[in-house]
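What follows is a short report on a single structure.
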Amino acid sequence: MTPRERFIKALTRQPLTGRVPHFELVFYLTMEALGKVHPTHRSFSQWTQMSEHERQLQREDIARTYIMSAEKYEHSAIFVQADPGAPETFHIIDEIRKQSGDTYFIMLHGDTTFAIPDGNSMVDFSIRMSDDPEGLLDDAQRNVDHMVAVAEKWQAHGGLDGFALCSDYCLNTGPFMSPRLFSKFVTPYLKQTIDAFRSLGFYSIKHTDGNIMPILDQMVSCKPDALHSIDPQAGVDIAEVKRLYGDQLCLIGNVNCGLLQNGTDEQVVENTRYALQSGMPGGGYIFSTSNCVYTGMDLSRYELMLDVWRREGNYA
């Protein structure tokens, strides 16, 4: 099977033999690992001044960078960080498919739901939940309608397998909204989005950091194909999530990024082993860090994590 096929089997909780599929939501260390500037670290401000030939060279290099990362670190999927509705995004994914065929599962950002507001808008958002709930709900519906229209374009265009829904809902102490408010302002729209994607033939991977336990039941009820990243830095135990919901969705994670950054080698090995031993039984598991391979992480620690995966992340 291709990496893409194995990734889909894990998403759909089908039995697998051989190594557990692996991917990273983002692998930022492309300069250190490949001698390539990561696509999100490039400036696109001058693209309008480029000739079409220059733009095509850029597309080809961006596609190669994504593919080289996947090849070197045995990623089964590629998450393209780009505006899902932008014309240039269609060109870039076409180029990835041209260079790699159907080898990799390809996804884009596709979340429509409210994330934790940033510091500049948190107060205003909180006030709106109380003073203008209907206006906020109208905004939520417009977000869904817009993204479904974008997904319909991708269905007609082809080349895309699914969406990563990357709105973060939770701090380490718990969700930004209470479960009651979450059930009003987020859950119905998350379900609409996932249902629409599924009807169009796309898979959905729901990402959020933080302590998800107070709203985990609501997220699972929306029936995403997978949950990422099951954040151990917020006290979320992958073994417990597997016990509660492992028969309903695929789990993706969850080697502790804090330990990859600041822990000992022994702690990284132990934590990697725990993620594998907790996630693998019964299938429906994809191996990754608890967030991403971010700028500033020591590449050797990620490679240490992968050494454990290659030795111990194998089904009979």
Checklist entry - From the list PHE90, PHE114, which residue is in contact (Cβ under 8 Å) with a residue 24 or more places away in the chain, of a type in the set (Phe, Trp, Tyr) and under 16 Å from GLY162 (Cα atoms)? => result PHE90
Item to check | Selected residue (criterion: nearest to the chain's Cα centre (by Cα)) from residues of the stretch 110-127 that are under 14 Å from ASP168 (Cβ atoms) and of a type in the set (A, V, I, L, M) | outcome: ALA115
Checklist entry - Of the residues that sit in the stretch 119-141 and are without any contact (Cβ under 8 Å) to a residue 24 or more places away in the chain and under 22 Å from MET219 (Cβ atoms), which one is surrounded by the most Cβ atoms within 10 Å (Cβ to Cβ)? => result PHE125
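Quick grid of which residues meet (1) aliphatic (A, V, I, L, M); (2) touching a Phe, Trp or Tyr at 6+ places or on another chain (Cβ under 6 Å); (3) within 30 Å of VAL308 (Cα to Cα):
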{"residue": "ARG59", "(1), (2), (3)": "no, no, no"}
{"residue": "THR65", "(1), (2), (3)": "no, no, yes"}
{"residue": "ALA77", "(1), (2), (3)": "yes, yes, yes"}
{"residue": "VAL80", "(1), (2), (3)": "yes, no, yes"}
{"residue": "ASP94", "(1), (2), (3)": "no, no, no"}
{"residue": "SER100", "(1), (2), (3)": "no, no, yes"}
Checklist outcome for this item: Here the residues within the stretch 101-118 that are open to solvent by 50 Å² or more (accessible area, probe 1.4 Å) and either of a type in the set (A, V, I, L, M, F, W, C) or in contact with a helix residue (DSSP H, G or I) (Cβ under 8 Å, 6 or more places away or on another chain) (or both) are ASP102
Checklist entry - Given the structure, is GLU71 open to solvent by 10 Å² or more (accessible area, probe 1.4 Å), free of Cβ contacts under 8 Å to residues at least 12 places away in the same chain and either within 17 Å of GLU303 (Cβ to Cβ) or touching a Leu at 6+ places or on another chain (Cβ under 7 Å) (or both)? => result yes
Item to check | helices (runs of 4 or more DSSP H) contained entirely in the stretch 249-316, each with at least 3 residues that are farther than 22 Å from CYS170 by Cα | outcome: 265-279, 299-312
Next on the checklist: Within the stretch 83-100, take every residue that is assigned to a loop (DSSP other than H, G, I, E, B) and open to solvent by less than 30 Å² (accessible area, probe 1.4 Å) and give me the one that is nearest to TRP47 (Cα to Cα).
Outcome noted: ALA86
Next on the checklist: For the stretch 24-59: of the residues being in contact with a helix residue (DSSP H, G or I) (Cβ under 7 Å, 6 or more places away or on another chain) and not in a helix (DSSP H, G or I), which is nearest to TYR285 (Cα to Cα)?
Outcome noted: PHE27
Checklist outcome for this item: Selection from the stretch 222-246 of residues crowded, with 20+ Cβ neighbours inside 10 Å and either closer than 17 Å to MET177 by Cα or of a type in the set (S, T, N, Q) (or both) yields SER229
Next on the checklist: If a residue must be within 15 Å of PRO281 (Cβ to Cβ) and open to solvent by less than 80 Å² (accessible area, probe 1.4 Å), how many such residues does the stretch 1-13 contain?
Outcome noted: 1
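The values are calculated or read from the model by the stated rules, or taken from the named source; none is laboratory data. Just so it is clear, the model here is predicted, and its values are computed rather than measured. Cβ: placed from backbone, ideal geometry, glycine included. Neighbour counts: every protein chain shown. SASA here: full protein model, heavy atoms, side chains in, ligands and nucleic acids out. Shrake-Rupley method; radii C 1.70, N 1.55, O 1.52, S 1.80 Å.
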